[in-house]
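K.L.:
Encoded as structure tokens, here's the structure I'll be asking about.
FYI, it's all coordinate maths here, none of it is from the lab. In this text, all values refer to a predicted model and were calculated from it rather than measured experimentally. Counting neighbours? That spans all protein chains shown, and the Cβs are built from the backbone with ideal geometry, glycine included.
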Amino acid sequence: MYRTHTNGELRICDKDKNVTLCGWVQKVRNLGGMTFVDLRDRYGITQLVFDIDKNKELTQQAQALGREYVIQIDGKVAERSNKNSKMPTGDIEIIVDKIVVLNISELPPFTIEDDTDGGDELRLKYRYLDLRRNNIKKNFELRHQMALEIRNYLSSQKFVEIETPFLMKSTPEGARDFVVPSRMNQGQFYALPQSPQIFKQLLMVAGFDKYFQIVRCFRDEDLRADRQPEFTQIDCEMAFVEQEDVLNTFEGMAKHLFKTIKNIEFDAPFPRIPFSEAMELYGTDKPDLRFDMKIVKLKEKISNKGFKVFDDAQYIGGICVEKCAYYSRKELDNLTDFVKKPQIGAQGLIYIKYNEDGTLKSSIDKFYNENELKEIAQLFGANVGDLMLLAAGEKNNTLNALNELRLEMANRLGLRDKNKYAPLWVVDFPLLEWDNETDRFYAKHHPFTSPKNEDIPLLETTPEVVKANAYDLVINGVEIGGGSIRIHNQELQKKIFNILGFSDEDAQKQFGFLMNAFKYGAPPHGGVAFGFDRWVALFAGTDSIRDVIAFPKNNTGRDIMNDAPSIINKTQLNELNICLAK
Ligand code: ASP
């Protein structure tokens, strides 16, 4: 038997027990007479103690242990004189009487402790060492627990987990595909699924009724903190449902996760906010509702005072930041620089301070007298001590800038508490999105999303205003998932393909198998997919999904540990009948 206990297990009640432990040497502290070794495994750290006066040879053996050596020890549990209340095993230590070195280790390239000295790239290169750190390891225990609870909940609701192919035909999520050349069908390529969208719809045609899959998806997109080329979705589909049924089922799943994983109960239903309202009030379709600070629309109420920036603007809006009227010139300049950053793109920022003495001071004093400023303050519902920040310009850009500003101010004020959760559904998304560059409509969600019944006639006249039966789950400003009720009627699907600029022939070529399946009695159906990595990251309190993916890629899509992607040899290329251009 290698061990009797783990390194996270022993407590004061185990005093005087003879134990055998195994693990990695985290640290050796040689304090002259006494030597201490921190022994680590997945479960925690236990302190080993060696007294040179009692056993010189053994103590010297302990002093010679290197970081990350794998050892086995025999010893007796003793009460510590110097207790460490921060460690679960901090009341005890092991008086060791035998050490067996199970394996030696080279000096690791960074310290394997909660606060490591390793930079991102180094830690990715030696990810197996990074994963030895218990504060990273706990993310994977959380991930496992969440997957288990998702399976429990969905199974209790009669969902069946069914696997779908990875080698398939291009899918419609709108990103670039990863492609795989076929040896047996030379000159032809599979695409890796951007999602199992088409298969789950086919499973509905097949009568499965309630499907789910915790599944890897592949999208060749530029990467950000919340994006990886391969990521995991909780992919779900149901038949004989309307939007309301889907939202209720998955609100149930979200509540189950909050309860079982975070011990948080949401009694009230999640708020549901139409897309248009989310844009007006928060400037984004994924609002962070942990704090208020809504955007106030001002255009009609405050222009025509001779201030050109306002008079020429398509839109004027602002936010009221409580208790920030004390902001200095420098802080305000700094905020102006923030909104002028190219990725935010506002022209500038206007402020109105509601000073503690009841006076108003603004950067537009020239155009607005004290009374007029007071009227503006009333539109904001501002109180003495508040700071109003206004932006003007093209509507969507300005709303976007106000969204970023709202988040920035909330960060500064500590209003985005990681332990607080504000879930909501955003509903009534537009069906289509016009793209000026390519001069055509794109599906806002994907081409199988159904328009709202009452809006179907508008497809002929004003397709841009047609709303979809589409919805997103948003938590703390993160889009956790989205889905829609699907089109199950061939004629309507054809019409949508036409609006999206697919000829009948193109549509047949790309999605013919789905269209064919729909000829054989497709039930009404709809579904949703959640970004599992994002959800785990949110519960783990980290901003980067890399922290919850065991072997993630870096920013340029490389696995720097095993050096992929890499060149393949000539024989492989020949077998695939592929000749590289360069
Ligand atoms: N397949 C969609 C996606 O990955 C989700 C859905 O409509 O169910 O975004």
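K.L.:
If the only charges are +1 at each Lys and Arg Cβ and -1 at each Asp and Glu Cβ, what is the size of the charge dipole of the chain around the Cα centre, to the nearest 20 debye?
P.N.:
Details: 77 positive and 86 negative charges, 247 e Å.
With Lys and Arg at +1 and Asp and Glu at -1, about 1180 debye.
K.L.:
Next up: I'd like the distance between the alpha-carbon centres of the stretch 470-545 and the stretch 164-232, rounded to an integer number of Å.
P.N.:
Cα centres, the stretch 470-545 to the stretch 164-232: 12 Å.
K.L.:
What net charge is computed for the residues neighbouring TYR442, neighbours being all others with C-beta under 13 Å from the C-beta of TYR442, Lys and Arg scored +1, Asp and Glu -1?
P.N.:
Values: positive: ARG440, LYS444; negative: GLU173, GLU433, ASP435, GLU437, ASP439, GLU464.
Neighbourhood net charge equals -4.
K.L.:
Further, regarding this structure: Which value results for Rg/Rh of the stretch 160-304 when Rg is the Cα radius of gyration and Rh the Kirkwood radius based on the inverse mean 1/r? Before the final figure, lay out each step's value.
P.N.:
Details: Rg = 20.4 Å, Rh = 19.0 Å.
Over the Cα atoms of the stretch 160-304, Rg/Rh equals 1.08.
K.L.:
In addition: Cα centroids of the stretch 329-392 and the stretch 260-283: how far apart, whole angstrom?
P.N.:
A separation of 29 Å, based on Cα centres.
K.L.:
Still on this structure, please answer the following. Strictly greater than 33 Å: what percent of every Cα pair in the chain meets that?
P.N.:
For the chain, the fraction of Cα-Cα distances above 33 Å is 59 percent.
K.L.:
Can you give the % of DSSP beta bridges in the chain that are antiparallel, to the nearest 5? Don't skip to the end; give the middle numbers.
P.N.:
Numbers: 93 of 100 bridges.
Beta bridges within the chain, antiparallel portion: roughly 95 percent.
K.L.:
Excluding same-chain residues fewer than 8 positions from LYS83, which lysines have a Cα within less than 24 Å of its Cα?
P.N.:
Correct list for LYS83: LYS15, LYS17, LYS27, LYS54, LYS98.
K.L.:
Count the net charge of all other residues whose Cβ sits under 13 Å from the Cβ of LEU65, scoring Lys and Arg as +1 and Asp and Glu as -1. Mind showing how you got there, number by number?
P.N.:
Values: positive: LYS27, ARG29, ARG40, ARG67; negative: ASP38, GLU68.
Summing Lys and Arg as +1 and Asp and Glu as -1 gives +2.
K.L.:
Further, regarding this structure: With unit charges on the beta carbon (Lys/Arg positive, Asp/Glu negative), name the residue among ASN369, ILE344, SER328 whose Cα is farthest towards the positive pole of the charge dipole of the stretch 322-373.
P.N.:
Projecting each Cα onto the dipole axis, the largest value belongs to ILE344.
K.L.:
Let me ask something additional. Tell me which of TYR128, LEU298, ILE94 sits at the most positive position along the dipole axis of the chain, charges placed on C-beta atoms (Lys, Arg +1; Asp, Glu -1).
P.N.:
Toward the positive end, the furthest listed residue is ILE94.
K.L.:
Dipole magnitude of the stretch 288-362 about its Cα centre, charges +1 at Lys/Arg Cβ and -1 at Asp/Glu Cβ only, in debye to the nearest 20? Intermediate values should be presented prior to the final figure.
P.N.:
On the way: 14 positive and 11 negative charges, 25 e Å.
About 120 debye.
K.L.:
Note the angle between two axes, namely the Cα long axis of helix 490-499 and the longest principal axis of the Cα atoms of the chain, as a number of degrees from 0 to 90, rounded to the nearest 10.
P.N.:
Roughly 80 degrees, rounded to the nearest 10.
K.L.:
Rg over Rh of the stretch 169-241, using C-alpha atoms and the Kirkwood radius, what does it come to? Numbers along the way, then the final one.
P.N.:
Numbers: Rg = 14.2 Å, Rh = 13.7 Å.
Taking Rg over the Kirkwood Rh, I get 1.04.
K.L.:
With only Lys, Arg, Asp and Glu charged, each at its Cβ (+1 for the first two, -1 for the last two), find how big the charge dipole of the stretch 6-137 is about the Cα centre; round to the nearest 20 debye. Please list the in-between numbers first.
P.N.:
Details: 21 positive and 22 negative charges, 32 e Å.
Here the stretch 6-137 has a charge dipole of around 160 debye.
K.L.:
So which aspartates and glutamates can LYS76 reach, going by Cα to Cα under 15 Å and dropping same-chain residues fewer than 8 places off?
P.N.:
Output for LYS76: GLU9, ASP14, ASP16, ASP51, ASP91, GLU93, ASP97.
K.L.:
May I pose another question? Give the calculated FRET efficiency between ARG176 and GLU464 to the nearest 0.05, with a Förster radius of 22 Å applied to their Cβ-Cβ distance.
P.N.:
Result of the calculation: an efficiency of 0.25.
K.L.:
On a 20 Å Cα-Cα criterion, which of the cross-link pairs LYS299/LYS395; LYS169/LYS210; LYS138/LYS210; LYS341/LYS374 come out too long?
P.N.:
Too far apart for the 20 Å limit: LYS169/LYS210; LYS138/LYS210; LYS341/LYS374.
K.L.:
Which value in deg cm²/dmol, rounded to the nearest 500, describes the helix-derived mean residue ellipticity at 222 nm for the chain, given -39,500 (n - 2.57) per DSSP H run of n ≥ 4 and division by the residue count?
P.N.:
Values: 17 runs with 166 residues, N = 582.
My calculation for the chain gives -8500 deg cm²/dmol from helical runs alone.
K.L.:
Something else about it: Projected area of the stretch 386-427, taken from the Cα convex hull and averaged over every viewing direction, in nm²? Don't skip to the answer; put the middle values down first.
P.N.:
Values: hull surface 17.2 nm².
Averaged projected area of the stretch 386-427's Cα convex hull equals 4.3 nm².
K.L.:
So, one more: Which of the lysines could a cross-linker bridge to LYS495, judged by Cα under 21 Å and excluding same-chain residues fewer than eight apart?
P.N.:
Counting by Cα, and skipping residues close in sequence, LYS495 has these lysines nearby: LYS444, LYS452, LYS467, LYS509, LYS519.
K.L.:
Could you sort 390-401, 54-65 so that the peptide with the highest average Cβ count within 10 Å comes first and the rest follow in order? Could the numbers behind the result be given before it?
P.N.:
Values: 390-401: 21.1, 54-65: 15.0.
Put in order of decreasing packing, that is 390-401, 54-65.
K.L.:
I've got another one for you. What net charge is computed for the residues neighbouring GLY512, neighbours being all others with C-beta under 13 Å from the C-beta of GLY512, Lys and Arg scored +1, Asp and Glu -1?
P.N.:
Details: positive: LYS169, LYS494, LYS509, LYS519; negative: ASP504, GLU505, ASP506.
Local net charge: +1.
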